[in-house]
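Participant: Let me begin by handing over the structure; questions about it come next.
The values are calculated or read from the model by the stated rules, or taken from the named source; none is laboratory data. These numbers were taken from a predicted model, which means no experiment stands behind them. A quick note on method: Cβ atoms are made from the backbone with ideal geometry, for glycine too, and the neighbour counts reach across all protein chains shown.
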Amino acid sequence: MLDFSLGLRREEIFGLKWQEINFDKCTMTIALASVYVPKNGIVIKDTKTDNSYRTLLLPPDIVAMLQEWRDEVKATAKRRAKRNKVVILDDPVGPDKWIFSQPDGHTVGHPHAFNNFLKRFCADHKLPLISPHSFRHLSGGYLLKSGLDIATISAKLGHSDKSFTMKTYIHELQSISRTTLGLCYAKYFKQLKTRNKKKTGQLRSVLFTYTLFNFVHLKCSRGQLRG
């Protein structure tokens, strides 16, 4: 849910600590990244770019989900302590604790655990394999189609700059342009037909423009037309 609803990177999700969540203000600060490096293990580092360090507003559903997860982590810690006959000396959801830790409750969770879960889930339900990054990309696409401007989407996703966001979602932008032009054409056609049925020249001009746009878009999407 964090991947899709907030567009977080996998390493950003596993780099979250409880101190980054402000339940009163309903915000989450992305400050660290957890990355697995072969031969070196899990490495905690700064976010990918300066713009990746950001504070996001959390939807009510995500706040509720995190609260439930916090309660579950506490309950799990109590069961583990009881099973091992030990006393819990520190808060399992203290400010410096990882939100997604390994079974011991202390070590940061392995980033690849997300991929492994998706592989098992897709295999069990006979679904095409999907990666964690796909959810982030879907999040950006939905934000774009909801009408949010590129600058806001770029900041929300933590991209290095707006041009990178434009390049990443160029196909969605083209699709939106086609839809918008189609709606404008339909509206203009209706108004023109209502006002004066004799203005067929203007109507043909609009129709030609719309058809040409679709033709060029199709060729570009297939790589058959280059600038």
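Participant: When you look at Lys74, is it assigned to a loop (DSSP other than H, G, I, E, B), over 16 Å from the mean Cα position of the chain (by Cα) and more than 23 Å from Ser134 (Cα to Cα), yes or no? Write out each step before concluding.
Facilitator: Values: assigned to a loop (DSSP other than H, G, I, E, B): no; over 16 Å from the mean Cα position of the chain (by Cα): yes; more than 23 Å from Ser134 (Cα to Cα): yes.
Here the answer is no, as Lys74 does not meet what is asked.
Participant: Please work out which one of (1) closer than 25 Å to Ile153 by Cβ; (2) in a loop (DSSP other than H, G, I, E, B) is the condition Ile88 fails and give its number.
Facilitator: Single failed check for Ile88: (1).
Participant: Looking only at residues in region 47-64 that are modelled with pLDDT under 90 and not polar (S, T, N, Q), which one is farthest from Lys17 (Cα to Cα)?
Facilitator: That would be Asp50.
Participant: Can I ask one more? Which residue, of Ser134, Ser154, Ser101, is under 15 Å from the mean Cα position of the chain (by Cα) and under 24 Å from Ala31 (Cβ atoms)?
Facilitator: None of the others qualify; the one that does is Ser154.
Participant: Residues to consider are Arg54, Arg120, Arg136; find the one that is of a type outside the set (Gly, Ala, Ser) and either farther than 21 Å from Glu11 by Cβ or without any contact (Cβ under 8 Å) to a residue 40 or more places away in the chain (or both).
Facilitator: Numbers: Arg54 fails: either farther than 21 Å from Glu11 by Cβ or without any contact (Cβ under 8 Å) to a residue 40 or more places away in the chain (or both); Arg136 fails: either farther than 21 Å from Glu11 by Cβ or without any contact (Cβ under 8 Å) to a residue 40 or more places away in the chain (or both).
Only one candidate qualifies: Arg120.
Participant: Answer yes or no as to whether Asn22 is loosely packed, with under 13 Cβ neighbours inside 10 Å and free of Cβ contacts under 8 Å to residues at least 60 places away in the same chain.
Facilitator: On the way: loosely packed, with under 13 Cβ neighbours inside 10 Å: no; free of Cβ contacts under 8 Å to residues at least 60 places away in the same chain: yes.
Spelling it out, it is not the case that Asn22 is loosely packed, with under 13 Cβ neighbours inside 10 Å and free of Cβ contacts under 8 Å to residues at least 60 places away in the same chain.
Participant: Please determine whether any residue of region 107-115 is out of contact with any helix residue (DSSP H, G or I) (no Cβ under 7 Å at 6 or more places or on another chain), more than 26 Å from Ile21 (Cα to Cα) and either among the aliphatic types (A, V, I, L, M) or surrounded by 17 or more Cβ atoms within 10 Å (Cβ to Cβ) (or both). First the steps, then the outcome.
Facilitator: So in region 107-115, the residues out of contact with any helix residue (DSSP H, G or I) (no Cβ under 7 Å at 6 or more places or on another chain) come out as 107-110, 112-113.
Those left that are additionally more than 26 Å from Ile21 (Cα to Cα): none.
No, the conditions are met nowhere in region 107-115.
Participant: Quick check, is Leu66 closer than 27 Å to His133 by Cβ, touching a residue at least 12 places away in the same chain (Cβ under 8 Å) and assigned to a loop (DSSP other than H, G, I, E, B)? Talk me through it step by step, then tell me what you get.
Facilitator: Numbers: closer than 27 Å to His133 by Cβ: yes; touching a residue at least 12 places away in the same chain (Cβ under 8 Å): yes; assigned to a loop (DSSP other than H, G, I, E, B): no.
Criteria not met by Leu66.
Every residue, every condition in (1) surrounded by 15 or more Cβ atoms within 10 Å (Cβ to Cβ); (2) closer than 25 Å to His159 by Cα; (3) free of Cβ contacts under 8 Å to residues at least 60 places away in the same chain, yes or no:
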{"site": "Ile44", "(1), (2), (3)": "no, yes, no"}
{"site": "Pro60", "(1), (2), (3)": "no, yes, yes"}
{"site": "Ala77", "(1), (2), (3)": "yes, no, yes"}
{"site": "Arg83", "(1), (2), (3)": "no, no, yes"}
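Participant: Out of Lys126, Lys85, Lys97, Lys74, which single residue is in contact with a Lys or Arg (Cβ under 7 Å, 6 or more places away or on another chain) and either outside the structural domain of Lys25 (by TED's automatic domain parsing) or modelled with pLDDT of 85 or more (or both)? Let's see the steps before the verdict.
Facilitator: On the way: Lys126 fails: in contact with a Lys or Arg (Cβ under 7 Å, 6 or more places away or on another chain); Lys85 fails: in contact with a Lys or Arg (Cβ under 7 Å, 6 or more places away or on another chain); Lys74 fails: in contact with a Lys or Arg (Cβ under 7 Å, 6 or more places away or on another chain).
Answer to the selection: Lys97.
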